[in-house]
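Right, one structure below, let's go through it.
The values are calculated or read from the model by the stated rules, or taken from the named source; none is laboratory data. What you see is a predicted model; the values in this text were computed from it and never measured. Glycine gets a Cβ as well: all are built from the backbone with ideal geometry, and neighbour counts include every protein chain shown.
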Amino acid sequence: MLNFEDIRPYNDDEYHQIITELFEVAPLMATIDNYFDNLSMTEIKEMMLSFDTIQEFQSKMVCSFIARIIKRSVNNFSYDGVLNLKKDESYLLLSNHRDIVLDSALINFCLNDREYNTSEIAIGSNLLSEDWIKKLVRINKSFIVKRNIPKQEMLPSSQNLSAYIDYTLKEKKQSVWIAQREGRAKDGFDKTNPGLLKMFGMSAKDNLLDHLISLNIRPVSLAYELDPCDYLKVSELLKKAAGEEYVKAKGEDEQNMLLGIQGNKGNIHVQFGDSINEEIKGFKDIKNRNELLKNVATVIDREIYKNYHLWNSNYVAYDLLHETTKYVANYDANGKEQFLDYMSEKLQDLAGNEAAKKMFLQMYANPTINAEGVK
C-alpha cells in the first residue's frame, strides 16, 4: 500500500502545532515582520493563530505577503486566463521555472485573487536544508519531491510521487503545481522534460495517453522582465561551459530564494494557458511511449511559448545578441539604454568577459527566440 506520510503537506488539524513551532524561528519571523510593518509581532502571531484551515492561512496571510512582495519589487504585475478554469475541477498546472519561490507563489496568488483554491506545490528535497524550511513549505500545501537519493530508491520514489499527484488531483480534488523540469531554466530556455511526463504516467491504470488526459494538464507561462538572480546564473553557466563541475556553496539556494523575493523583477505577467487535451488526443496512434511523451512535451512547450509575455529586456537582448534592429519598435522609451545599463551593473564583476555577456543576453533573448518558433 502506498504511503505519502513522508512527502505530503500538513493537514488542517496540524496547522496550529506547526505554526506555533515556526514562531520560534527568528529569521522567518524577522522577514514576516519586515513585510507586515503595520502590525506588531504580537498582532502577527494572533492573526496566524486565528486561522482554522491552511487554505485560510494561505488566502489571508500568505497571499497578503505575496502582495507586499509585488508592491516592493515589481513595477507592474498582471495575469490572465484564470477564469477559464472551472472552480469544481482540479488541474495539473505545469509552468516554466525561473524562480525557486515565486513561480508557484505567484500562480497561487492569481488563483486566490479570483477566489479559487490555491494549488498544492511540488518542491525538491534539496531545497529543504533546514527543518523549519521543511515545516514552512509543508504548511503551505507543498509536497516533497525526493532528490539526491540512492539509485535503488529512485524508481519506488517516482512511483510514489506519481501516485500522490494522481491521488491529489482525483481524490482530494486539489490542483497541483509542478515545474516543467527539475531546476530552473538558468539560460532562459524553457523546455519540458519528457521524463517528468513519464513519472506522471507511472500511476496509469489504463493506457498512458488516457492517463495524461485525465490529469487535466494546463500549461502556465511565467514572464519576469528581470531576474534578480541572473548574474548568479551566468557564473554557474560559465563554469559548466568551461567543463568544470559546479558545486553549490553552502547556503546558495537560500541566497537565491531571498534574492528572488527581494530583488527588482521589473514587470511580471502570468498567463494560464488552454487545455492541451484535445490536441494530444491526436496522438492515440503513437505506440512508442518515448515518442508519445516527446510529442506531448512539445505541445506543452508550444503553449508556454505562445503565451509568454515578452518584455523590453527580451526584445533588446535579442537584437543585441543578433546585432539587428528587428524588434526596435517593441522597445520601451530609452529601453535599449536602460537594459545596457542594467546588464553593465549586474556583470560588473565580470566586466570584459565576452562569454559572460553573451550568456546574459541569451538568457533574456531565448524567450523571444522560442516565441518566434510558434508564430
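Suppose the filter is in contact with a helix residue (DSSP H, G or I) (Cβ under 8 Å, 6 or more places away or on another chain) and touching a residue at least 12 places away in the same chain (Cβ under 8 Å); does N108 pass it? Taking the combined requirement at face value, the residue satisfies it.
Summed over segment 324-375, residues that are hydrophobic (A, V, I, L, M, F, W, C) and surrounded by fewer than 16 Cβ atoms within 10 Å (Cβ to Cβ) total 7.
Tell me which residues, restricted to segment 5-63, are of a type in the set (D, E, K, R) and in a helix (DSSP H, G or I). Walk me through how you get there before you give the answer.
Filtering segment 5-63 down to residues of a type in the set (D, E, K, R) leaves 5-6, 8, 12-14, 21, 24, 33, 37, 43, 45-46, 52, 56, 60.
Result: D12, D13, E14, E21, D33, E43, K45, E46, E56, K60.
Restricting segment 284-327 to residues that are hydrophobic (A, V, I, L, M, F, W, C) and under 17 Å from I213 (Cβ atoms), which is farthest from the chain's Cα centre (by Cα)? It would help to see each step written out before you state the result.
Step one: filter segment 284-327 for residues hydrophobic (A, V, I, L, M, F, W, C), giving 286, 292-293, 296-297, 299-300, 304, 310-311, 316-317, 320-321.
Cutting the leftovers down to under 17 Å from I213 (Cβ atoms) gives us 286, 292-293, 296-297, 299-300.
Details: I286: 30, L292: 25, L293: 21, V296: 20, A297: 17, V299: 19, I300: 15 Å.
Top of the filtered list is I286.
Sub-7 Å Cβ pairs linking a first residue in segment 37-52 that is within 14 Å of F23 (Cβ to Cβ) and of a type in the set (D, E) to a second residue that is modelled with pLDDT under 95 and surrounded by 12 or more Cβ atoms within 10 Å (Cβ to Cβ), at least 6 apart or interchain, number zero. Here is the figure for segment 182-193: residues that are surrounded by fewer than 18 Cβ atoms within 10 Å (Cβ to Cβ) and either in contact with a His (Cβ under 9 Å, 6 or more places away or on another chain) or in a helix (DSSP H, G or I) (or both) total 2. For N207, the criteria (1) at pLDDT 95 or above; (2) over 17 Å from R302 (Cα atoms) hold in every case but one, which is (1). Quick one: is E120 charged (D, E, K, R), surrounded by 14 or more Cβ atoms within 10 Å (Cβ to Cβ) and within 24 Å of Q17 (Cβ to Cβ)? So E120 fits the description; yes. Look at segment 207-232: where a residue is closer than 12 Å to D103 by Cβ and β-branched (V, I, T), no partner that is surrounded by fewer than 22 Cβ atoms within 10 Å (Cβ to Cβ) and at pLDDT 95 or above sits 6+ places away or on another chain with Cβ atoms under 6 Å.
So which of L106, L127, L92, L136 is crowded, with 19+ Cβ neighbours inside 10 Å and closer than 25 Å to F51 by Cα?
Result of the check over L106, L127, L92, L136: L106.
All conditions but one from (1) more than 22 Å from the chain's Cα centre (by Cα); (2) within 30 Å of D349 (Cα to Cα) apply to A223; the one that does not is (1).
Checked against the criterion of being surrounded by fewer than 19 Cβ atoms within 10 Å (Cβ to Cβ) and either of a type outside the set (A, V, I, L, M, F, W, C) or assigned to a helix (DSSP H, G or I) (or both), the candidates E303, E278 yield just one match: E278. The C-beta contact set for segment 74-96 (first residue at positive phi, second residue buried (at least 18 other Cβ atoms within 10 Å of the Cβ) and assigned to a loop (DSSP other than H, G, I, E, B), distance under 6 angstrom, 6+ apart or interchain) is empty. Checked against the criterion of being of a type in the set (K, R), free of Cβ contacts under 8 Å to residues at least 12 places away in the same chain and not assigned by TED's automatic domain parsing to the domain that holds G201, segment 336-356 contains not a single residue that satisfies it.
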